[in-house]
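Contents: one structure, followed by commentary.
The values are calculated or read from the model by the stated rules, or taken from the named source; none is laboratory data. If you're wondering where the values come from, they're calculated on a predicted model, not measured in any experiment. As a convention, Cβ positions derive from the backbone with ideal geometry for all residues, glycine included, and neighbour counts pool all protein chains shown.
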Amino acid sequence: MARQPVDDRFKGFGRFVRKCIKDWDVPGLAVAVLEKGCTVYTGAFGLRDTRRNLPVTEDTLFGIASCTKSFTATALGILADEGMLSWDKPVRDVMPAFRMHDEAATERMTPRDLLTHRCGLPRHDYVWVTSTVSRAELLGRLRHLQPSKDLRSTFQYNNLMYLAAGMLVEHLTGKTWETFLRERILSPLGMDNTRFWMDDFSGVDDLAVGYYRLRDHLRPHPEPLGSHKQPPAIAPAGGLASNLADMGRWLQMQMNGGKIGRRRIISEDNLREIHAPQFVVPGPYPYKELLDAAYGMGWIIQPYRGYRMVRHSGNYAGFNAQMAFMPGESLGAIVLTNIGASPLETVVPLNAFDRLLGLDAVPWNARLKREDKKQKAQAKTRKKPARQRGTRPSLAQRDYVGEYEHPGYGRISVSHENKRLRLSYNALTYRLAHHHYDVFELTRPNSEEDWKASFRLDKDGKITAVAIPFEPAVDDIVFTRIEPDAEE
């Protein structure tokens, strides 16, 4: 992209970003702002690696998490261009392996439904978090996951449907989702630095470490870029890493009707469909400048101060990103950070848009600091569920030991080590601390998860199952005990 000299509109912008970074204790941030086909501002702030004191640069690679969803939506749009799929033809008609818990949803679900978070299924994220099972196996587990709403009745953000969309790409093309993206999107756009999470990052010098905050302390995320030895099943929902220059090319193509230069990636008609509002995102909307959002396909469409804005954020494994553009004004912004969650992915691009639109800046940073303070105060006064004191488990600790299974969530294992019970699920290990009766708290180091496992006994006093609220929008997930001889 061409680049213009920084003009007066960005005077003080760097100072503003540095103050925000300090206010929210963000390790590092990179930002790029686009206008009418040109990059009008880029900046790199803070550290990409706090232990080694390495600075963020404009070339630093960050995980972009759910910003990846727009790539998956574009991949389906390319297949729609080629007549390989229809947005509104049932997925089951072209991919028979696709099945949901609800038969009506199985028969009616379309590619449009996969991409718009209206499938009736809540997140069920712990099906895939730290899991090593294949994409195809996770697709097969969908039929065992309880929905909380009817198809097309409610907006519920869902990563698993993007896994299904990635599998649809593989089913129709005979190529993995990763290969299709490389051949049809990344390489044609010249996004040569963009990588997948399972790629080998050992030769990348300018790589950000992802961080999360626990009890006000920064900690490196245990799943750094390149730590996966195989493609994560959920990658179509959030498996890309990129930098400012590459993401600028991506945003420019989106703003330019599906092409960059003379190279067309996707038709203007199908890209317009991807950017069109498909389903309402319910409020509340506490700020008058940001109202009435809708989800497109891999994008959120929301007006900002009367201007149409198309955007998406990403938050996973110690990274937080935002890409946003105003098609009518040909403005765009990209923010990449290496902290699991902070409001800077909202604050920084909106301040840039205020400047480019010639509007008085909305005090987003001060507003969100006040809101954060209020929420923290409320959290301190929130009452914990009552605990019945003076109770004991029904059985000896070793009687709880065993393997337990759910057809959608897979297996958990309860073991007895050093006079303590432990529960293992995927790559996660929890200590089981007695709460009351046959209910145990699940705790693990460097985590603030607050779950309780309820063991169930039959009429003979034998443990038959354990229930864990891995998905709060539905009933507890019940893992049935596997008797040793049943596995033979």
Given (1) surrounded by 14 or more Cβ atoms within 10 Å (Cβ to Cβ); (2) of a type in the set (Gly, Ala, Ser); (3) assigned to a loop (DSSP other than H, G, I, E, B), where does Ala465 come up short, assuming only one miss?
(3)
Sort through Leu151, Leu163 and tell me the only one that's of a type outside the set (Gly, Ala, Ser), more than 26 Å from Leu61 (Cβ to Cβ) and assigned by TED's automatic domain parsing to the domain that holds Tyr316.
Leu151
Single residue of Val40, Val26 found to be touching a helix residue (DSSP H, G or I) at 6+ places or on another chain (Cβ under 7 Å), over 21 Å from Gly298 (Cα atoms) and modelled with pLDDT of 95 or more:
Val26
In the range 290-310, is there at least one residue being under 24 Å from Arg15 (Cβ atoms) and basic (Lys, Arg)?
yes
Has the range 81-93 got at least one residue that is over 22 Å from the mean Cα position of the chain (by Cα), crowded, with 19+ Cβ neighbours inside 10 Å, over 30 Å from Val362 (Cα atoms) and in the same structural domain as Ser202 (by TED's automatic domain parsing)?
yes
Selection over the range 325-363 where residues are in a helix (DSSP H, G or I), more than 30 Å from Ser447 (Cβ to Cβ) and of a type in the set (D, E, K, R) yields a count of 2
Here is a list of conditions, (1) on the phi < 0 side of the Ramachandran plot; (2) not in a strand (DSSP E or B), and Arg422 meets all of them except one; can you say which number that is?
(2)
Is it true that some residue in the range 456-468 is closer than 22 Å to Tyr157 by Cβ and modelled with pLDDT of 95 or more?
yes
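From Ser424, Ser454, Ser447, Ser413, which residue is under 30 Å from Gly318 (Cβ atoms), over 24 Å from the mean Cα position of the chain (by Cα) and outside the structural domain of Pro286 (by TED's automatic domain parsing)?
On the way: Ser424 fails: over 24 Å from the mean Cα position of the chain (by Cα); Ser454 fails: under 30 Å from Gly318 (Cβ atoms); Ser447 fails: over 24 Å from the mean Cα position of the chain (by Cα).
The conditions single out Ser413.
Among the residues of the range 46-71, write down those that are among the hydroxyl-bearing types (Ser, Thr, Tyr) and either under 13 Å from Met323 (Cβ atoms) or in a helix (DSSP H, G or I) (or both).
Ser66, Thr68, Ser70
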Which of (1) without any contact (Cβ under 8 Å) to a residue 12 or more places away in the chain; (2) in the same structural domain as Ile234 (by TED's automatic domain parsing); (3) part of a loop (DSSP other than H, G, I, E, B) is the odd one out, the single condition Lys383 does not satisfy?
(2)
Is there a residue being modelled with pLDDT of 95 or more, touching a Pro at 6+ places or on another chain (Cβ under 9 Å) and under 28 Å from Asp81 (Cβ atoms) anywhere in the range 219-238?
yes
What's the number of the condition Glu471 fails, among (1) assigned to a helix (DSSP H, G or I); (2) in contact with a Pro (Cβ under 6 Å, 6 or more places away or on another chain)?
(1)
How many residues of the range 332-389 are more than 21 Å from the chain's Cα centre (by Cα), of a type in the set (Val, Ile, Thr) and surrounded by 14 or more Cβ atoms within 10 Å (Cβ to Cβ)? The answer is 1
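Quick one: is Gln302 in a helix (DSSP H, G or I) and in the same structural domain as Glu223 (by TED's automatic domain parsing)? Explain how you work it out, then say what you get.
Values: in a helix (DSSP H, G or I): no; in the same structural domain as Glu223 (by TED's automatic domain parsing): yes.
So Gln302 does not fit the description; no.
Give me the residue from the range 182-207 that is part of a helix (DSSP H, G or I) and out of contact with any strand residue (DSSP E or B) (no Cβ under 8 Å at 6 or more places or on another chain) and, out of that set, surrounded by the most Cβ atoms within 10 Å (Cβ to Cβ).
Among residues in the range 182-207 that are part of a helix (DSSP H, G or I) and out of contact with any strand residue (DSSP E or B) (no Cβ under 8 Å at 6 or more places or on another chain), the one surrounded by the most Cβ atoms within 10 Å (Cβ to Cβ) is Leu186.
Of the residues Ala293, Ala321, only one is closer than 20 Å to Val33 by Cβ, buried (at least 17 other Cβ atoms within 10 Å of the Cβ) and of a type in the set (A, V, I, L, M, F, W, C); which?
Ala321 is the lone residue from the list that is closer than 20 Å to Val33 by Cβ, buried (at least 17 other Cβ atoms within 10 Å of the Cβ) and of a type in the set (A, V, I, L, M, F, W, C).
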